[in-house]
Structure formats: structure tokens, C-alpha cells
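First up is the structure itself, then whatever we jot down about it.
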Amino acid sequence: MQEILSFIEYTAAFIVVLSIVVFVHEMGHFLVARMCGVRVLEFSIGFGKKLWSRQDKKGTYWSLRAVPLGGFVQMFGDADAASAKADESVKEFTEEEKKVSFPFQPVWKKIAIIFAGPATNYIFAILLMAGVFMVYGQIKVAPIVGSVMEKSPAAAAGIIANDKILEINGEKISEFSDIKRWIVLAPEANLKMRVERDGKILNLEAKLAEKPEDRVLGVQSKTIAPGDVSSMSLPSALYESSLLAWKMTADTMIYLKQVFTSSRSPDEMRGPLGIAEASGDAAKGGFLNFLVFLVQISIGIGLINLFPIPLLDGGQIIVYLIEALRGKPLNEKIMEKALMVGMGLLIGILLLTLWNDIPRIFNRLVG
């Protein structure tokens, strides 16, 4: 019985997270399409069979569908929800219909509409995190070592309690969380550190495990003090949340670069099952944890959609940029082949993440 309840909780958390992030993403496409004068036929959360639908005064159907694993905004003149190709009927459009159809819009409007989805994910994440900073404050723990684990790389390097870590591999360390980022993302196993101890500057070197996923430095921060938590004004909160969004994006790109250059295993990549698992864990961790997780997923969805892969927003933007340079759309056969390649890449990524997620979740359930 407990397993069933846990499954329901995790599934519900996943649906809530994905629905919010997808709604935000599609709302970006929708709003900019409306601003550009494009008629929107349907705004849907989910795929498959319609569970609920309502038409607004401007003729757009707002729908909920049976499979809550995404969503779409279908615009007038599109052959499908992906806006990948025009409908055959556009050949018969009147001049008035062309003015409100997506395929006949100037390239800059098409790019603006497509880019608005990922951009809105980022805007949503930044505003949500700014709200968290204003209400709960921001925790910034100084990079001062509270304790060192015995027989750890830190102990072997000569790090002791009360050392202040100033730099790692030439990069300034401003707070304790920066240390963890470097441990996870450093391309090499050796960390060259500048450390302040009793007013003196020391140069130390810690040798970590070769595999990034196995790396542990072996230091803990000091106990969080009241001064480590600061309330923030709106401008400061927006600045800090924007900086956080940038760090998340940069860290993800560093990780993917390491995966594609084979300097890091892809075993840590997560797919739908992994996101569902993390959604449930975040929900169990409390409201604040859930909000922070929502920020992370929104940035992740926004970033992924900017990748130059056909079928994703980034791929469509590349197509429209090529169209602008050529002065005419790409050949339909080329587009069809590109879409097939994009579909193959996305299916490959899905299978890889399932390969990672299923054994880990199974071990967690039976362990």
C-alpha cells in the first residue's frame, strides 16, 4: 500500500512540474504569436486524446490532453503542432489569411515566436528564484573549511579546519557552493588551490578520483550562521537569480562538453523517469525545495530547446536564419531529412536516459 501511495505522489509531482514548465514555455510562443498578429488554432497541455477543450473569443482552443508529457501551440497555416512545415492548404490562402498565418510571416517574426518559448522558461525561472530570495533570503556560506574527512583528498593535500579557499585552478571562490561546482565540473583530476591560513597564502594541490562522478574533496562548511542568510531587495534578487540562471546554464554546457569529448561518463544524464523521481524527492523535501527544483527544470527545458536539433526550437531558429540568408525557404526534401535526423537524435537521447534511469530506480526500489 505504501508503494502505491509513493508512486501516486511521485507521479503527481512529476505531472505538476512538467505541466507548469510546459505551460510557461508554450505561453511564450502563444503571447508573441498573438503580438505578431498570428492566429493560434490551439494551445494544448499534453498530447493524445482531448480530455477538455474550450474556445476563446479569438478562436483559440485551450485543451488538456491524455498524455501529460509536453504540449504545443498550433498556429494557423501549420501542418502540425511543431510548426516544422506548412499545411498544403496555404496554397489556397487569401491575402487576408496569409497576414495571420505563421508560414507567411517575415523571418524575424518567426524567430521571435520560436525563441519566445525558451526565453519565457528563463524569465519564469529568474522571477521565481528572485521571489524565493526576497521571501526566504539567500544563503551564502563563506568558503571556510569547517572540518576535513580523514584519508580524503583534502586531508592528503594538507587542508585543515578554518582554511579559507580563495581560488581553485585560477578561478576565484566566493562561497562554499563554488567548491562543489569545481569538484564536479573540473576537467582534470587535480585541483590547484590558493588557501588563506592565519593571514598567510598557501598553494596546495588535491588529487581527486579520475571519474568526475566519483570525486569527493572531503571538506565540510562551517555551521550556517545568521549572517549567512540575507534578505534581498527586488533589484538584488533579480541580479542574483539571473546570475544563478547563468551558472546553471554554464554548468550544464560544461557537463555536456565533457560527455561529448568522452572525458566524462553520460551515466548521470536523466530522462523523463529521472525527472519524475527528482520531482517526487523535491516535493517530499518541502515547498521551498520544490520551488528551487521547478527553477532548475524550467532552465533545463529552456536550454535544451535552444539546442540546434531539428524538431527543437533551436533547430527551427537555425532553419529560419538559413532561410533569411538564402532569401527563400529550404527544400522540402532537405527539411524532411533534417526532421528525421532530429527525431533519431531525440529518440537516441531518450533511450540513453532510460538506460540510466531504469536500473538506478529499480535498485532504489528493491534496495
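Any read-out appearing in this document is the output of simple, stated calculations on the displayed coordinates, not a laboratory observation. Keep in mind that this is a model prediction, so the values were computed, not measured. In this analysis, Cβ positions are derived from the backbone assuming ideal geometry, glycine residues included, and neighbour counts consider all displayed protein chains.
Numbers at a glance
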read-out	value
Cα-centred dipole magnitude for the chain, charges only on beta-carbon of K, R (+1) and D, E (-1), debye, nearest 20	360 debye
Pairs of alpha carbons in region 5-142 whose separation is greater than 20 Å (percent)	55 percent
Compactness of region 138-230 as Cα Rg over 2.2 N^0.38 Å, two decimals	1.02
Cα principal axis extents for region 305-361, largest first, Å	50, 21, 9
Förster radius 45 Å - calculated FRET efficiency between Lys91 and Arg360 (Cβ-Cβ, nearest 0.05)	0.30
log₁₀ of I(q)/I(0) at q = 0.18 Å⁻¹ - region 37-104, Debye sum with one point per alpha carbon	-0.68
Residue (of Tyr61, Tyr10, Ala154) at the positive-pole extreme of the chain, dipole from beta-carbon charges	Tyr61
Positive-pole candidate from Ser19, Leu204, Ile183, dipole of the chain, charges at beta carbon	Ser19
Percent RCO, i.e. relative contact order, over region 37-104, from Cα pairs under 8 Å lying at least 6 residues apart	32 percent
Net lengthening on full extension, Ala250/Ala324 (0.36 nm per residue, minus Cα-Cα)	23.7 nm
Descending semi-axes in Å of the chain, equivalent ellipsoid built from Cα gyration tensor	44, 23, 22
Computed E for Ser53/Asp198 - FRET, C-beta separation, R0 51 angstrom, nearest 0.05	0.15
Semi-axis lengths (Å, descending) of the ellipsoid that matches the C-alpha gyration tensor of region 115-192	33, 17, 10
Potential extension, Leu69-Leu166 segment - 0.36 nm per residue separation minus Cα distance	30.5 nm
Likely footprinting exposure, Met75, Met335, Met35, Met27, fewest C-beta neighbours within 10 Å first	Met35, Met335, Met27, Met75
Interatomic Cα distance distribution for region 231-367, bins of 5 angstrom, percent	2, 8, 11, 16, 18, 14, 12, 9, 5, 2, 1, 0
Added length on full extension, which subtracts the Cα-Cα distance from 0.36 nm per residue, Val184 to Lys98	25.8 nm
Neighbour-count order for Ile159, Ile347, fewest beta carbons within 10 angstrom listed first	Ile347, Ile159
Given charges at Cβ of Lys, Arg, Asp, Glu: region 37-104 dipole, positive-most of Phe93, Leu51, Phe76	Leu51
